[in-house]
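Novice: This is the structure I want to talk about, given as structure tokens.
The values are calculated or read from the model by the stated rules, or taken from the named source; none is laboratory data. Here the structure is a predicted model, which means the values were calculated and not measured. Glycine also receives a Cβ, built like all others from the backbone with ideal geometry; neighbour counts cover every protein chain displayed. Please note that ligands, DNA and RNA were not included when accessible areas were found on the heavy atoms of the full protein model with its side chains. Shrake-Rupley method; radii C 1.70, N 1.55, O 1.52, S 1.80 Å.
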Amino acid sequence: MTTEVTDLRALPITSGSNFRELGGYQTINGQHIKYHKVLRSGRLAPLNQHDLTYLDNYGVRIDVDLRSADEVKQAPDKVPTNATYKYLPVFDYDQTQNSQTLQQLELEYQGNPNHGHEHMKTVYHNMIADPHAKQIYHQFFELLLSNSADGAATLFHCTAGKDRTGMAAVFFMTALGVDAKTIKTDYLLTNTIAAPHINARLNELKTQHASADTIANIRSLLSVHADYLATALKQVKQESGDLNNYLHEGLQLTDHDLQDLRKIYLTD
């Protein structure tokens, strides 16, 4: 990923991780996603007042929290002044384990090679197959459809802004007609934009002399991987054939919903 693309996507948030703009991506028919309409990010709890003011001035008017109840209780959102908070938990607990401490993760993953990678593939299967997750992602689209004013942005996030948030972005960009290669590129961009946060946590493990297997496992939990997305798409194929059909059959979106979504979020 080039620095130019990274700079285009990343927002200048200094007290949080993985905040980025989805505007500017081109669809298959040559339209573009509008800027200042959809943002994706990690958790909002660490934000300082400067960053909250930035998001408010940027136009954030809906804050969609995809985390579980325990994650919210542990680190409640700091909501930009003019934004409305919406709670949409994809899972009833943090299956991604990104809200756990390094000590908790180290105890679980030491001496178990490749367990972290396989665990994350299970998480992605569940995001597609779980009826509750489907219902939540349907509600996510209802919120997107309610935000029709230009310059009013919906920000959606989980803890790290990469898995539950990543699939929300995959669904959203698919619904708008963005091609699969671009969608995958945006999904994997977490590993570049969130690198300082990821590396800081891994370096902390190294200073504690964690084993190489443990560090590799936790890297798998903190990062995204093409295998994870492929696991989700495999389940999509099994259930619906492709992502476009899954939007209809799995997330219960109508043709009218998709037409309205494109009117709201795409340039003419």
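Novice: With the condition kept exactly as written, say whether any residue in the stretch 131-139 is under 24 Å from S223 (Cβ atoms), in contact (Cβ under 8 Å) with a residue 60 or more places away in the chain and of a type in the set (K, R).
Specialist: No, the conditions are met nowhere in the stretch 131-139.
Novice: Continuing with this model, one more query. Please verify whether T101 is open to solvent by 60 Å² or more (accessible area, probe 1.4 Å) and touching a helix residue (DSSP H, G or I) at 6+ places or on another chain (Cβ under 6 Å), treating the condition exactly as stated.
Specialist: So T101 does not fit the description; no.
Novice: Let me ask something additional. Restrict the check to the stretch 150-160 and report whether at least one residue is modelled with pLDDT of 95 or more, crowded, with 21+ Cβ neighbours inside 10 Å, more than 14 Å from the chain's Cα centre (by Cα) and not polar (S, T, N, Q). Spell out how you get there, then give the answer.
Specialist: Keep residues of the stretch 150-160 that are modelled with pLDDT of 95 or more, which gives 152-160.
Pick out the ones that are also crowded, with 21+ Cβ neighbours inside 10 Å and you get 153-160.
Checking the rest, the ones that are also more than 14 Å from the chain's Cα centre (by Cα) come to 153.
Keeping just the survivors that are not polar (S, T, N, Q) gives 153.
Yes; the residues of the stretch 150-160 include at least one that is modelled with pLDDT of 95 or more, crowded, with 21+ Cβ neighbours inside 10 Å, more than 14 Å from the chain's Cα centre (by Cα) and not polar (S, T, N, Q).
Novice: Out of the residues in the stretch 122-149 that are touching a Ser or Thr at 6+ places or on another chain (Cβ under 9 Å) and within 12 Å of T96 (Cβ to Cβ), which is surrounded by the fewest Cβ atoms within 10 Å (Cβ to Cβ)?
Specialist: For the stretch 122-149, the residue satisfying everything is T122.
Novice: So D150 fits all but one of (1) within 23 Å of I264 (Cα to Cα); (2) touching a Gly at 6+ places or on another chain (Cβ under 7 Å); (3) not in a helix (DSSP H, G or I); what number is the exception?
Specialist: Just one mismatch for D150, condition (2).
Novice: Counting residues that are more than 18 Å from S41 (Cα to Cα), which helices (runs of 4 or more DSSP H) fully inside the stretch 190-234 reach at least 2? If you could, list the steps in order and put the result at the bottom.
Specialist: Values: elements: 190-193, 195-207, 212-222.
Where helices (runs of 4 or more DSSP H) fall fully within the stretch 190-234 and carry at least 2 residues being more than 18 Å from S41 (Cα to Cα), they are 195-207, 212-222.
Novice: I'd like the full set of residues that are open to solvent by 70 Å² or more (accessible area, probe 1.4 Å) and either within 18 Å of the chain's Cα centre (by Cα) or under 21 Å from L144 (Cβ atoms) (or both), limited to the stretch 37-57. Show your work before the answer.
Specialist: Residues of the stretch 37-57 that are open to solvent by 70 Å² or more (accessible area, probe 1.4 Å), as a first pass: 43, 49-50, 57.
Once the filter is applied, which keeps residues that are open to solvent by 70 Å² or more (accessible area, probe 1.4 Å) and either within 18 Å of the chain's Cα centre (by Cα) or under 21 Å from L144 (Cβ atoms) (or both), the stretch 37-57 yields only R43.
Novice: Considering only residues that are part of a helix (DSSP H, G or I) and open to solvent by less than 10 Å² (accessible area, probe 1.4 Å), which ones fall in the stretch 58-75?
Specialist: Within the stretch 58-75, the first condition is being part of a helix (DSSP H, G or I), and the residues that meet it are 58, 69-74.
Hit for the stretch 58-75 is E71, nothing else.
Novice: Could you tell me which of the residues V123, V60, V79, V90 is under 26 Å from I264 (Cβ atoms), under 14 Å from the mean Cα position of the chain (by Cα) and at pLDDT 95 or above?
Specialist: None of the others qualify; the one that does is V90.
Novice: Counting only residues that are part of a loop (DSSP other than H, G, I, E, B) and of a type in the set (S, T, N, Q), which one in the stretch 27-36 is least open to solvent (accessible area, probe 1.4 Å)?
Specialist: Result: Q31.
Novice: Using beta carbons and a limit of 6 Å, which pairs, at least six apart or on different chains, have the first residue in the stretch 165-189 and farther than 21 Å from T267 by Cβ and at pLDDT below 95 and the second one among the aliphatic types (A, V, I, L, M) and open to solvent by 10 Å² or more (accessible area, probe 1.4 Å)?
Specialist: From residues that are farther than 21 Å from T267 by Cβ and at pLDDT below 95, there are no pairs.
Novice: Continuing with the same structure: All but one of (1) outside any helix (DSSP H, G or I); (2) open to solvent by 50 Å² or more (accessible area, probe 1.4 Å); (3) not hydroxyl-bearing (S, T, Y) hold for E108; state the number of the condition that does not hold.
Specialist: (1)
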